[in-house]
Amino acid sequence: MPHRFFNFLLDLLFPWQCLYCQKEVENDYPLCKDCFHQIPIFDDFICPVCHRRLILSEAPPAGEAGRKKVPLSEARRVLIPNTASHQSCRRKTKIEALGAVASYNNNILKEVIHHFKYKKIKNLAQPLSLLTIQFLENSFYFSQLPKNNLLIIPLPLHLRKEKQRGFNQSELIAKKVADYFHFPIRSDILLRVINNLAQVTMKNVNDRKCNIQGVFQVKNGDNLKHKTIILIDDVYTTGATMEEAAKVLKLNGAKKVIGLVLAKG
């Protein structure tokens, strides 16, 4: 209670300013509505290998009023049938589909994620989770998923890194998404047992793959049997981290692993 009252006084005496345009905001997080609406969201899930859309709806659901929906800049807007050519993609990945909410090239989103992770502004989980929820509500692929067997798992941080940061940013987003859609969430199944170097410090794809090998383990794997996992992370660049996590999950009984990230680099 004293902590809440102290935060209330801070908000009253020193209102939030938008971290991007510096305009005073009435939200309880530092992002104004105008800047929020300048983050275009992508239109659906893609193949993590060829980056083409997995499903093209004949009548896609309308986006939120005032928000522009854009296709992935690097994606070709085509339906991918269940052909031999797409089967070759499946042999290269353990991820069934990849949902990227928006592009990491968007300066506003990049700034928000940076402040969320490294400036430790936990309140930014609210607008970021709202973007994620809007993406899922607009996704035809997501609308077709059987919902009775879904399980949300956030990509874990190593315990030491989580203590340094004070929270796991992927877990905060995952909890809000799970609450909104009434999906079960488990943060105690996938564990990060090696505190490896940050992937962002490495530019070479092979270096990233080597750096992430063996860092994940599964505890209580019986809870994964026949489940479709939605694996949530913040940023997807080469995909090495999510690929390694998906491999471990499937080795322990998960039926499918679907990636969901805030931004694709």
Quiz item: If you put +1 on each Lys and Arg Cβ and -1 on each Asp and Glu Cβ, how big is the dipole of the stretch 198-251 around its Cα centre, in Debye rounded to 20?
Solution: 160 debye
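As an exercise, use a Förster radius of 41 Å and the Cβ-Cβ distance of Lys122 and Arg90 to find the FRET efficiency, rounded to the nearest 0.05. Intermediate values should be presented prior to the final figure.
Values: r = 37 Å, r/R0 = 0.91.
Given R0 = 41 Å and the Cβ-Cβ separation, E is 0.65.
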Exercise. Could you check the simple spin-label distance between Lys219 and Asn107, using points 7 Å along Cα→Cβ, in nm with one decimal?
Key: 4.4 nm
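If r is the Cβ-Cβ distance from His37 to His226 and R0 is 41 Å, what FRET efficiency results, to the nearest 0.05? All intermediate terms of the calculation are to be shown ahead of the outcome.
On the way: r = 40 Å, r/R0 = 0.98.
In this case the efficiency is close to 0.55.
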Practice problem: Past 19 Å, Cα to Cα, is the threshold; run Lys209/Lys247; Lys203/Lys256; Lys92/Lys247; Lys225/Lys247; Lys122/Lys256 against it and keep the listed order. | Solution: Lys203/Lys256; Lys122/Lys256
Self-check item: Positive-end residue of Ala125, Asn204, Asn138, charge dipole of the stretch 37-264 with Cβ unit charges
Solution: Asn204
Quiz item: Listed highest first by mean packing, meaning other Cβ atoms within 10 Å per residue, what order do 138-147, 20-29 come in?
Solution: 138-147, 20-29
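What order do you get for 213-221, 120-128 when each peptide is scored by the mean count of other beta carbon atoms within 10 Å, highest first?
Details: 213-221: 14.9, 120-128: 18.2.
Highest to lowest by the protection proxy: 120-128, 213-221.
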Quiz item: For the residue pair Asn27 and Cys50, what label-to-label distance in nm results when each label sits 7 Å from Cα along the Cα-to-beta-carbon direction?
Solution: 3.7 nm
Quiz item: Phe183 versus Arg165, label points 7 Å from Cα toward the beta carbon: distance in nm?
Solution: 1.9 nm
Quiz item: Where does each of Met202, Met242 land when they are ranked from fewest to most other beta-carbon atoms within 10 angstrom?
Solution: Met202, Met242
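Where a number appears in this text, it was derived from the coordinates with a stated rule and is not lab data. Keep in mind the model is a prediction, meaning the values are calculated, not measured. Methodologically, a virtual Cβ is constructed for each residue, glycine included, from the backbone with ideal geometry; neighbour enumeration extends over all protein chains shown.
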